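Presented below is the structure to which this report refers.
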Amino acid sequence: MAGLVAAGGGLSVIRLHEAYTQGMFPWFSQGQPVLWWSPDPRMVLQTHDFKLHRSLRQTLVKFIRDPQSEIRINFDFEQVIRHCAHASRKGQPGTWIVDEMIEAYQDLHAAGFAHSVETWVEGELVGGLYCVSIGCAVFGESMFARQTDASKIALAALVAFSRTNYLPWIDCQQNTRHLASLGAIEIPRTEFLQKMRQLGTLRPPEWTFNPAYWSALL
């Protein structure tokens, strides 16, 4: 991935907050120093451009109508990030969510800057994602699914939450075919940083999920 801008340093809440504010994020493997990235161009999903494909729409309608299914936010952040760390990914033999990252993002969550969006079915966590949020800027990090489409449901919930709370885009960091199929586009890093400076100073929303938010998507 292009865009390496720095190496070294720790993962304190202050350092992470400062890094995200400047458009950087950590991404490294076990045994490496902390590597800081700021890709150019940057992949961003503008929430109003999210493509709700027919199959996912049908899945969401079924999910919403099921009284045993629900979206929770920040109910079990630790379990979400640990599931993300152990999720198998095509072309990746290991994980970049090493123990140091898990501890750091739990601290960031405790400080109010990292959040989990969770898909629950019959009292069981079956999928979800975690993200970073500074002001009204949202940075997607990782997701997992233990049931078909469970991570997609969590992403759709994040989009519905974002639309309702006037959060205009979700940072996706780098280009993938899957993200592009959902409506994400690449923008120049200079444009990304300019937007980040604007959104980062705004008052953040209350990170809770109300089922009424689905109307912003459906």
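Protection proxy ranking of 209-217, 127-135, by the mean of other Cβ atoms within 10 Å over each peptide's residues and highest first, is 127-135, 209-217. Shape class for segment 43-189: rounded, because the ratio a/c of the largest to smallest gyration tensor axis (alpha-carbon atoms, square roots of eigenvalues) is under 1.5.
Nearest 500 deg cm²/dmol is fine: what mean residue ellipticity at 222 nm does the chain get from its DSSP H runs of n ≥ 4 alone, each adding -39,500 (n - 2.57), divided by its residue count? Can you show the working numbers first?
Working: 7 runs with 74 residues, N = 218.
-10000 deg cm²/dmol, from helical runs alone.
With a ≥ b ≥ c taken as the square roots of the eigenvalues of the C-alpha gyration tensor of segment 96-180, please select rounded if a/c is under 1.5 and otherwise prolate if a/b is larger than b/c or oblate if it is not? Cα axes put segment 96-180 in the rounded bin.
3J(HN,Hα) along segment 46-51: 6, 4, 6, 9, 4, 8 Hz, from the Karplus curve 6.51 cos²θ - 1.76 cosθ + 1.60 with θ = phi - 60°, whole Hz, x for Gly and Pro. Note on the chain: with a GNM built from Cα contacts shorter than 10 Å, the maximum mean-square fluctuation among E122, E141, E70 falls on E122. Heavy-atom accessible area, probed at 1.4 angstrom with all protein chains present, ranks H83, H53, H115 as H53, H83, H115, highest first. When the Gaussian network model of the chain links Cα atoms closer than 10 Å, the mean-square fluctuations of S12, S142, S162 top out at S12. Rolling a 1.4 Å probe across all protein chains gives H178 an accessible area of roughly 90 Å². The HN-Hα couplings worked out from phi for segment 16-27 by the Karplus form 6.51 cos²θ - 1.76 cosθ + 1.60 (θ = phi - 60°) are 5, 4, 5, 5, 4, 4, 9, x, 10, 8, x, 7 Hz, whole numbers, x standing for Gly and Pro.
When the solvent-accessible surface of protein heavy atoms is calculated with a 1.4 angstrom probe, in what order do T59, T201 fall, highest first? Provide the component values of the computation, followed by the final result.
Working: T59 40, T201 110 Å².
My answer, sorted largest first, is T201, T59.
Is segment 158-218 best put as rounded, prolate or oblate by its Cα gyration tensor, with a ≥ b ≥ c the root eigenvalues, rounded for a/c under 1.5, and otherwise prolate when a/b is larger than b/c, oblate when not? Oblate.
Averaging Cα coordinates gives a centre for segment 1-49 and one for segment 132-154; these two points are 17 Å apart.
How many lysine pairs does the chain hold where the Cα atoms are under 21 Å apart and the two sit 8 or more places apart or on different chains? Please report the intermediate quantities before stating the final value.
Numbers: K51/K62; K51/K152; K62/K152; K90/K152.
So the count works out to 4.
A probe of 1.4 angstrom, applied to the heavy atoms of all protein chains, finds F144 with accessible area near 10 square angstrom.
The values are calculated or read from the model by the stated rules, or taken from the named source; none is laboratory data. Not measured: the values here are computed from a predicted model. Every residue, glycine as well, gets a Cβ built from its backbone with ideal geometry; the counts of neighbours run over all protein chains shown. Areas reflect the complete protein model, heavy atoms only, side chains present, ligands, DNA and RNA absent. Shrake-Rupley method; radii C 1.70, N 1.55, O 1.52, S 1.80 Å.
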